[in-house]
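What follows is a single structure, written as structure tokens, with notes after it.
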Amino acid sequence: MNNNELDYWFDPSSRTLEELRVLQNKAIEKLSLEDGFGKIDRIAGVDCAYFEDRIVCAMPVLDYNTLEVIEKKYIVQKVAFPYIPTYLNFREGKAIASVFMELENKPDMIMFDSCGINHPIKAGMATYFGAAMDIPTIGVSKKILCGDSETPVEVGESQKLMYEGNQVGWLLKSNKRSNPIIVAPGHKVSVESSLEIVKHCLKGYKLPEPTRLAHMYAAEAKKEILEQKDRN
DNA sequence: GCGACAG
DNA sequence: ATCTTGTCGC
């Protein structure tokens, strides 16, 4: 993907919310909810941290079998868009696409800390990114953006997340002491597979390894940047 | 009109 | 997301 395509999909500047909504719909036209991936060797996780007017986007790549980190990269950019529910893809998208392109070990799939098709028009960050970049993605969030579900109680239990009569994901009780996490397909991953893959990546913590490690990595990168700044 | 609302 | 220490519970 070149810079023009990058800006086409991820640059919100000089565009109205109406135009951004049109862009989301355009990406969604490419959406596939069928498994469009082969054997998964590597899976990446993404998460962003913020400070001042900057966004720190971290992306570790893990071996799918061992869940060990193979490579990790992060990038710092100026925040170009505010947080507006249902438009998160335009706040974090460009930074995520930028780190992704710098990876030497491309993952077969990416796990996001955000929504997938569990979004008013199915354009959650994971889905939008996957459709625009044509990469299999899964969304894992901690709060429901839209939809309703029963509450899973036993560890490992899942309940369907429904929105407008359709299943758009799951609520999964991943840990004994944590509230359920929300799992949803992003792009090229079925509703069933999204749950299986997230379960495979659980190691006893609330969040699956790709996302959990991405969160820690983004936090430590931010901390180091701030400490470096203090020394000057 | 009111409330809800990923990060 | 971010500002932040201790503290209750398993």
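The values are calculated or read from the model by the stated rules, or taken from the named source; none is laboratory data. Quick caveat: nothing in here was measured; it's all calculated off a predicted structure. In this analysis, Cβ positions are derived from the backbone assuming ideal geometry, glycine residues included, and neighbour counts consider all displayed protein chains.
Can you tell me which residue among A:Val61, A:Val76 is away from DNA strand B (no atom under 11 Å from the Cβ), of a type outside the set (Gly, Ala, Ser), touching an Asp or Glu at 6+ places or on another chain (Cβ under 6 Å) and not in a helix (DSSP H, G or I)? If you could, list the steps in order and put the result at the bottom.
Numbers: A:Val76 fails: touching an Asp or Glu at 6+ places or on another chain (Cβ under 6 Å).
None of the other options fit; the residue is A:Val61.
On the stretch given as segment A:127-156, residues that are surrounded by 15 or more Cβ atoms within 10 Å (Cβ to Cβ) and more than 15 Å from DNA strand C (Cβ to nearest atom) total 15.
Here A:Leu145 clears all of (1) away from DNA strand B (no atom under 11 Å from the Cβ); (2) over 17 Å from A:Asp47 (Cα atoms) except the condition numbered (1).
Selection of first residues in segment A:94-118 that are more than 27 Å from A:Ser190 (Cβ to Cβ) and free of Cβ contacts under 8 Å to residues at least 60 places away in the same chain and of second residues that are surrounded by 21 or more Cβ atoms within 10 Å (Cβ to Cβ) and of a type outside the set (A, V, I, L, M), restricted to Cβ pairs under 9 Å at least 6 apart or on distinct chains, gives the following pairs, ordered by first then second residue: A:Ala95/A:Phe10; A:Ala95/A:Cys48; A:Ala95/A:Cys57.
In segment A:95-118, the count of residues that are over 22 Å from A:Asn3 (Cα atoms), of a type in the set (Lys, Arg), more than 8 Å from DNA strand B (Cβ to nearest atom) and modelled with pLDDT of 95 or more is zero.
Would segment A:18-29 turn up any residue that is aliphatic (A, V, I, L, M), within 16 Å of DNA strand B (Cβ to nearest atom) and closer than 21 Å to A:Leu207 by Cβ?
The answer is no; no qualifying residue exists.
For segment A:129-232, the strands (runs of 3 or more DSSP E) that sit wholly inside it and include 2 or more residues that are closer than 22 Å to A:Phe37 by Cα are A:137-141, A:166-172, A:181-187.
Table: residues versus (1) among the charged types (D, E, K, R); (2) over 19 Å from A:Ala95 (Cα atoms); (3) within 11 Å of DNA strand B (Cβ to nearest atom).
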{"residue": "A:Ile135", "(1), (2), (3)": "no, no, no"}
{"residue": "A:Val155", "(1), (2), (3)": "no, yes, no"}
{"residue": "A:Gln159", "(1), (2), (3)": "no, yes, no"}
{"residue": "A:Leu202", "(1), (2), (3)": "no, yes, no"}
{"residue": "A:Ala214", "(1), (2), (3)": "no, no, yes"}
{"residue": "A:Glu220", "(1), (2), (3)": "yes, no, no"}
{"residue": "A:Ile225", "(1), (2), (3)": "no, no, no"}
{"residue": "A:Gln228", "(1), (2), (3)": "no, yes, no"}
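Cβ separations smaller than 6 Å between residues 6+ apart or across chains give the following pairs from segment A:19-46 residues that are hydroxyl-bearing (Ser, Thr, Tyr) to residues that are at pLDDT 95 or above: A:Ser32/A:Lys188. Among the residues of segment A:61-111, those that are of a type in the set (D, E, K, R) and either surrounded by fewer than 17 Cβ atoms within 10 Å (Cβ to Cβ) or more than 14 Å from DNA strand C (Cβ to nearest atom) (or both) comprise A:Asp63, A:Glu68, A:Glu71, A:Lys72, A:Lys73, A:Lys78, A:Lys94, A:Glu102, A:Glu104, A:Lys106, A:Asp108. What residue, among those in segment A:30-49 that are part of a strand (DSSP E or B) and either surrounded by fewer than 24 Cβ atoms within 10 Å (Cβ to Cβ) or among the polar types (S, T, N, Q) (or both), is nearest to DNA strand C (Cβ to nearest atom)? Selected residue: A:Ala49.
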